[in-house]
Amino acid sequence: MMKRDHLYTFLLGIIFLMVWEATVHIAQTSPLVLPAPSAVMQSLWQGLQSGYLLPHIVYTLSEVLLGLFIGAFLGFIGGVMLGESARARTLMMPYVVFSQVLPKLALAPLFVMWFGFGILPTVMITALICFFPLLENTLTSMQKVDQQQLELFRMLRASTWQTLWRLKLPAGLPTIMAGFRVAVVLAWVGAVVGEFMISSYGLGALIIAAQGSMDTPLMFAVLTIIAVLGLVFYKAAQLLERHLLLSYSDH
């Protein structure tokens, strides 16, 4: 059944591309406005074959991985700490929310002044965007532990660490990993948008360059790369979640 669903998904994509190709040719749309998928694929192939796109892909990939790691790690640790301490939650949550409601693009010039040009400002923007989904979902999962199971652990005189490791984290893992999947998607948004503002390198900067030179097929080719890599990261997050759930169930 799952294989059939995957086949239908693939066929739906093929049909969409065929309709797009036919519409462009029938309407004789200018490539500057809407290039045909064949033109996009040709631009993508040329960019990959020549090696022009590869350094930009590696650059953005580095920003995404670093920003996702920093933001997800701090978000998870922060969520555990706030979930374990009501006092810390009361004291810190207003500041956490305050940091998230600030427009990230408005912070970009400040990050440049603080961290200089290069990869670090974009990494920090990406980390800041990835931070909140992990923190919020981890905090939520810690507060929704079954009270009867929690009382059982107390009766057995389990330590705080044992309760956390054996009860709270396994029970909250689906919610935590849901936050991680959101962070994975937002990491690409943060890195690319950050490059729009403060970078002359990477896939986001390449989109701006293609727009300036009116190379719409290249712009669509770069968007295709971002979409494919984002989907790969999302699927990897799902596989990680499945692995962790199986590991906890074995124990």
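Could you give the length gained by full extension between PHE16 and LEU32, i.e. 0.36 nm per residue of separation minus their alpha carbon distance, to one decimal place?
Numbers: separation 16, 0.36 × 16 = 5.76 nm, distance 2.02 nm.
So the extension gain works out to 3.7 nm.
Any idea what % of Cα-Cα pairs in the chain are farther than 28 Å?
Values: 15110 of 31375 pairs.
Cα-Cα pairs of the chain separated by over 28 Å account for 48 percent.
Modelled this way, with points 7 Å down the Cα-to-C-beta line, the labels at THR160 and SER85 are 0.8 nm from one another. For the chain, lysine pairs separated by 8 or more sequence positions, or belonging to different chains, with Cα-Cα distances below 27 Å total 5.
Expressed as a fraction of 2.2 N^0.38 Å, the rule-of-thumb size for a compact globular protein of N residues, what is the C-alpha radius of gyration of the range 103-179? Dividing the Cα Rg of the range 103-179 by 2.2 N^0.38 Å gives 1.62. Summary value for the chain: 25 percent relative contact order, contacts being C-alpha pairs under 8 angstrom separated by 6+ residues.
Write down, largest first, the equivalent ellipsoid semi-axes of the range 116-251 in whole Å, where each equals the square root of 5 times an eigenvalue of the alpha-carbon gyration tensor. Each step should come with its number before you reach the end.
On the way: eigenvalues 343, 49, 19 Å².
Listed largest to smallest, the semi-axes of the range 116-251 are 41, 16, 10 Å.
Calculated mean residue ellipticity, 222 nm, the chain: -29000 deg cm²/dmol, from DSSP H runs (n ≥ 4) at -39500 (n - 2.57) each, averaged per residue and rounded to 500.
Since every read-out is calculated from the coordinates, none of them should be taken as a lab result. This is a predicted model, so every value here is computed, not measured. Cβ: placed from backbone, ideal geometry, glycine included. Neighbour counts: every protein chain shown.
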